[in-house]
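All remarks here apply to the structure that follows.
Computed from the coordinates by the stated procedures, all read-outs in this text should not be read as laboratory data. Note that the structure is predicted; figures quoted are calculated from it, not measured. Cβ sites come from the backbone with ideal geometry, for glycine too, and all protein chains shown count toward neighbours.
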Amino acid sequence: MVSELAQQSVKPLIPPPTFAAPPSRARAKRIIIRLIWAVVILLVLVRISLPFVVRSVLQRSLSTMLGTTVQIRDVDLSLLRGAVWIQGLRIQGPEGFQTREPIQLKELGVNVKVWSLLGKTLTIQRVAVKNPMLVLERNTQGEIGVLRLIEQMSKEEAPPSKPTQSQPPAICINSITVKNGEIVFLDHQADDQPLATAIYELNARVRNLRPATPESQMPTTYKLTARLLDKPGASLNVEGKGDFLSKTLSMDTQLVLERLALVHFAPYYAGSPLEIRNGFVSAETHAVCQRNVLNMPIQITFSEMDVTVRTRMAMRKVFGLPARLVVAFFTSPEGTLPITAHVSGNVHDPQFNLEQTIARAVSKAMQNQVLELRDVEKLGVDTGIEILERALESGKETLKAVPGELKKGTQKIGERLKQIIPGQKEKEE
């Protein structure tokens, strides 16, 4: 009895701990599936909300940088491919201009090589622009609205607080394409009425836009085609190669302009003694620029010209020559009139003036045309007499105003005409 009671007294009052059985495989599977669904739902929510966030950030940032209102209709992203598409971009113009939205585009797509974001060179695989429209409006004060926006953007760029030794990554763009672009130039400084000039159907392609290396001095190739004006339409073709991301500019470009109507630009020469009733100009050049030094010979051809002198301005000069002589020069019996101009100099030189160069070329071509009449084999008597009469029609004062070389050549023409016109020499004897 005692031993049994003693044995019962030494039994522990607290039972030993027990451990729960591990969850079954089915339960673990359900937990994992729920976690996967949670991650998927989170990614979907991020994917849906991220374009709205990016759109809002872009609109706010661009509006602040440009000092105007920027609207974007939609933004689409593909994080895995490093792609972003911006649709319906509209930028409102500054005050003081009639064009409400000078910058518009239907779609802008950019593809970035994702891994290049971590390296020293940022590689953009493709930039595609569809249906862009740019309006370059110049007001009566001579200001261009788009340039004012660019100036505002440069003002907003804050200077770096501390100089950093790390350099920003280099940028390489493999391809840039522009499809069906339009550029409109609206000028309110024209004499009679605002002049509107448009470039339609602009298509461009740029390949391999990157800084030059010793192996590739001009790595970028480009090609552009466009149609100028509406009726009648002229064509523009540009093709070449160059280096545009280095400190100095180098390029090799072939440019061809065909049948640009001069009558369309009548407001620009409304104050000139010349009145152009009809005529077209074509131009072709092979421009070569090496380290900012440009060498560009231009072949210009005028065709179907119908030019007269405004009666009230008959005594005035054009390109430093009598207006009537200029009219005689443009009135070509062959129907076409070629001249050659040459432009050279530093592209950053403020005295770099294409208009003055062409004016000198026209003046020289007129002198050469008149002086060539001294050659009997090239002389058309009727044409020679007509040009001479028009040149001398305004009297001795006009003749005195002619540059010395042309005056000397005109006197020789008169002497030569006396020799070849039948009966003139015998009459003098």
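A dipole drawn for segment 97-159 from +1 and -1 charges on Cβ atoms has a positive end, and of L149, L117, F97 the residue lying farthest that way is L117. Sequence-ordered 3J(HN,Hα) estimates for segment 287-297 from the Karplus curve with 6.51, -1.76 and 1.60 and θ = phi - 60° stand at 8, 10, 10, 10, 6, 6, 9, 9, 10, 9, x Hz, glycine and proline given as x. Summarising the label geometry, the points placed 7 Å from Cα in the beta-carbon direction at K247 and V53 lie 4.1 nm from one another.
For the peptides 141-148, 283-290, the ranking by packing is 283-290, 141-148, with the highest mean count of neighbouring Cβ atoms within 10 Å listed first.
Could you pull out the pairs from K231/K364; K106/K247; K106/K231; K223/K247; K113/K241 whose alpha carbons sit more than 30 Å apart here? Before the final figure, lay out the partial values.
Numbers: K231/K364 32 Å; K106/K247 33 Å; K106/K231 26 Å; K223/K247 23 Å; K113/K241 24 Å.
K231/K364; K106/K247, as the Cα separations exceed 30 Å there.
Remark: segment 251-263, residue by residue, has Karplus-estimated 3J(HN,Hα) of 7, 9, 10, 10, 10, 10, 10, 10, 6, 8, 6, 6, 4 Hz, where x stands for each Gly or Pro and the curve is 6.51 cos²θ - 1.76 cosθ + 1.60 at θ = phi - 60°.
Set the Förster distance to 30 Å, then compute FRET efficiency between V256 and Q152 from the Cβ-Cβ distance, nearest 0.05. Working from the Cβ atoms, E equals 0.25.
Phi-derived couplings, Karplus 6.51 cos²θ - 1.76 cosθ + 1.60 at θ = phi - 60°, listed residue by residue for segment 75-89: 10, 10, 10, 9, 5, 5, 8, x, 10, 9, 10, 10, 10, x, 7 Hz, with x used for Gly and Pro.
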